[in-house]
Protein chains: 2
Amino acid sequence: MTTQNPAGMDARLHELAQRARSAQRSLATASGAIRAQVLEAMASGIHANCDELLAANELDMERAAELTRAQRDRLRLDAVRVAAMVSSIRDIARQPDVVGQVVDGWVLGNGLRVRRVRVPLGVIGVIYENRPNVTSDATALALYAGNAIMLRGSSLALNSNQAIVAVLKGAIWEVGLEPDLVAMVDDTTRAGALAFMQLGSAMDVLIPRGGPELIDAVRQHASVPTIIDGDGNCHVYVDRGANLEMATAIIENAKTQRPGVCNAMETLLVHVDVAGALLDRLDTVLGEVEFRGDETTRALCKRAVSATEDDYAREFLDLILAVKVVGSLDEAIDHIRRYSSGHSEAIITESYANAQRFVHEVDAAAVLVNTSTRFVDGGQLGMGAEIGISTQKLHARGPMGIEQLTTTKIVIEGEGQIRR
Amino acid sequence: MTTQNPAGMDARLHELAQRARSAQRSLATASGAIRAQVLEAMASGIHANCDELLAANELDMERAAELTRAQRDRLRLDAVRVAAMVSSIRDIARQPDVVGQVVDGWVLGNGLRVRRVRVPLGVIGVIYENRPNVTSDATALALYAGNAIMLRGSSLALNSNQAIVAVLKGAIWEVGLEPDLVAMVDDTTRAGALAFMQLGSAMDVLIPRGGPELIDAVRQHASVPTIIDGDGNCHVYVDRGANLEMATAIIENAKTQRPGVCNAMETLLVHVDVAGALLDRLDTVLGEVEFRGDETTRALCKRAVSATEDDYAREFLDLILAVKVVGSLDEAIDHIRRYSSGHSEAIITESYANAQRFVHEVDAAAVLVNTSTRFVDGGQLGMGAEIGISTQKLHARGPMGIEQLTTTKIVIEGEGQIRR
């Protein structure tokens, strides 16, 4: 059904968006119980169709022979991963319903009753790469918050995504709602991606899930409002007088528990007074990690290679750690201000005053004292499943769950009041 | 100091932005009492320098001889307007402080304490047209919420704005903070506007205040995050069985109390059963208003001229009213869905069920029952002074005050917890 003709493509995209918009209106009048029922039907559907989903994924895997191991791993589905998709949908359905929640309200002197009510955003777009589980996670989050969703995955995952979307649409239909609530864009060309990002008022928000290239493309080309799930160039600063045993355990956790994710640690800043002792400990514990440091670091840790400016600026997403020895908390904060991507920044300290200053003066989605950056995650923080972690300041900052997929509406009720 | 050389212009802009960023950090550590003190110094300064401000404005007025009356009116300052600027700043300083407010917080099973804290956005940009009072209003709101501000007004108001900014900077200096908290961009060329909209990460949010051309330019060219204060194509629907005396008073208020603003009414939708009686009443009350209606309207109201599609779609901002007679609430809601700009939509009804449906099914920043759209205004709703009324759904929807100029930060405190 895909056409490469831009005008035709746009027409098809706009039609999908219009149908999603219209279906969302019917969902908006459905109760939270019905929305939970849709999610339960989706979970059951995915569970029941596991073999079909794996077969579709197998087609994608066959075509993807030339990918790197990491890429193939992201694309692959197996029974365990399908089961995780099922339980993720059920977790979302167990979250408290936020649609219709009264955020605040008051009565004016003239008797008007004012309240702010939480309402769905409308039509949410998600553009993503190879992970097929994003298809079901994002759909469950969007629908539970009362929205329709438009999905644009990668060409490599097309068979997997089509199979998953077919199951999700079947579940929606089973509950008596409109399957058009989920729209899958099967034009996976670059032109198709651009048209998707430029749907104008047909889409209320676009959330990109993927690597720096995708994020940059969205930053450059999107004409619809976006929420950016950006880089995590996360720092851990070990203060003078810090408990080095605690520091070592936290650094090991933040750097190595899962190095390829955005809340992993990328740079260690360490106060000069504890640098030697800390680097000795890390030399043992982080045996598989490559150290890239400044001159002082290299003097204290023989295996460290020289760090470039770029090493401090980038997200390695790998077993590489940039290290810098600093003379003071101020120097650490200045370094973070310069290089931080605004994701998660941690201090390890025994000083009350320094903990307070760090929390107050470092500007990021999350600041942490004496714990691991790996906790900055919707699930870990008890906020429920997340559609991403926002590194922007508008609308949503940090883990984005159901609430971040809503907006508010002001309701004003009176009996004829006019403005004087 | 302005240079027309694009590279030089950019360099100067970036330097202004950097200085604003650095000054904002010093403001972020200042207490709410200090911020209120800055605003009081600003108010006193404007009061004390009224004559100088009027003289500067006079220079702008002289150069603006060829403007329309409405444009000249917007540009003009007089003693009353300067006094209004003073009291507006004092009103803002009386609002509760939101910086540092703990939005929510909880303790995790592993003992980590989590809280979300309200923090300033950082550097706020405002691009606006001829009203000089925006200069002081926007600055007071931004600074009270802990932000720095970059102002880019029109060339016509340059003398007025420079004089106001000089007073504001003097007030900041008096309190011992950095005058760089307020940056005025004196390059008022179109290229200057574009460079301003494309400051990248140097600016945290850009808020345009002005007409459709400015808004369109920002929509098209801004690379920084924006909050759009958009059109208000506001509808009033008069239901079957409505109290027509109440309806008439509300329509008169919504249409004529101040027709040139975004919360004024633009289209009347009226149920066919009450259309004749209502239009008779309006014929008398809205003597100065031009009616543009559909066929039924024209049959019922002889002075009505024919309404085009465009008349239903646009914001007249004038004593013109589009009218459509509808057969049902559904038809009214469909019309609103098609033409609404998502600002403010009202129903006049005696029916409980229809009021509920209208509130629930119409998607706008504000929905009103039995009252005037003119109340959709930060001051009228008791939310304090506003920097604009957002018609977008992300971050801020409806009147934007101090709270909308902040974001949140997650603070996580522990004693060595790591992720398993």
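The values are calculated or read from the model by the stated rules, or taken from the named source; none is laboratory data. It should be emphasised that the depicted structure is a prediction, and the values quoted were computed from it without experimental measurement. Heads up, the Cβs are rebuilt from the backbone with ideal geometry, glycines too, and the neighbour counts pull from every protein chain shown.
Comparison of B:K393, B:K409 shows that the only residue that is in contact with a Ser or Thr (Cβ under 7 Å, 6 or more places away or on another chain), of a type outside the set (F, W, Y) and within 7 Å of chain A (Cβ to nearest Cβ) is B:K393.
Filtering B:T296, B:T373 for residues that are under 21 Å from B:R281 (Cβ atoms), in contact with a helix residue (DSSP H, G or I) (Cβ under 9 Å, 6 or more places away or on another chain) and within 14 Å of chain A (Cβ to nearest Cβ) leaves a single hit, B:T373. Can you tell me which residue within region B:152-171, out of those that are hydroxyl-bearing (S, T, Y) and part of a helix (DSSP H, G or I), is farthest from B:V38 (Cα to Cα)? Out of the qualifying residues, it is B:S155. A residue that is within 18 Å of B:T297 (Cα to Cα), of a type in the set (D, E, K, R) and more than 28 Å from the chain's Cα centre (by Cα) occurs nowhere in region B:345-355.
Residues B:V98, B:V80, B:V102: which one is in contact with a strand residue (DSSP E or B) (Cβ under 8 Å, 6 or more places away or on another chain), surrounded by fewer than 16 Cβ atoms within 10 Å (Cβ to Cβ) and farther than 24 Å from B:V185 by Cα? It is B:V102.
Within region A:332-351, none of the residues are facing chain B (nearest Cβ under 7 Å) and under 18 Å from A:V238 (Cβ atoms).
In summary, A:F316 fulfils each of the numbered conditions (1) hydrophobic (A, V, I, L, M, F, W, C); (2) without any contact (Cβ under 8 Å) to a residue 40 or more places away in the chain; (3) surrounded by fewer than 21 Cβ atoms within 10 Å (Cβ to Cβ) with the single exception of condition (2).
Residue check: is B:T188 assigned by TED's automatic domain parsing to the domain that holds B:D73, of a type in the set (S, T, Y) and assigned to a helix (DSSP H, G or I)? No.
Here's the yes/no breakdown for (1) surrounded by 20 or more Cβ atoms within 10 Å (Cβ to Cβ); (2) within 14 Å of chain B (Cβ to nearest Cβ); (3) out of contact with any strand residue (DSSP E or B) (no Cβ under 6 Å at 6 or more places or on another chain); (4) over 19 Å from A:P399 (Cα atoms):
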| position | (1), (2), (3), (4) |
| --- | --- |
| A:V185 | yes, no, no, yes |
| A:L194 | no, no, yes, yes |
| A:S201 | no, yes, yes, yes |
| A:E213 | no, no, yes, yes |
| A:R219 | no, yes, yes, yes |
| A:S223 | no, yes, yes, yes |
| A:R240 | no, no, no, yes |
| A:A247 | yes, yes, no, yes |
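Out of A:F291, A:F316, one residue alone is more than 27 Å from the chain's Cα centre (by Cα) and either among the aromatic types (F, W, Y) or at pLDDT 95 or above (or both). It is A:F291. Here region B:396-406 is the region considered, the condition is being aliphatic (A, V, I, L, M) and out of contact with any Phe, Trp or Tyr (no Cβ under 7 Å at 6 or more places or on another chain), and the residue that is nearest to the other protein chains (Cβ to nearest Cβ) is B:A396.
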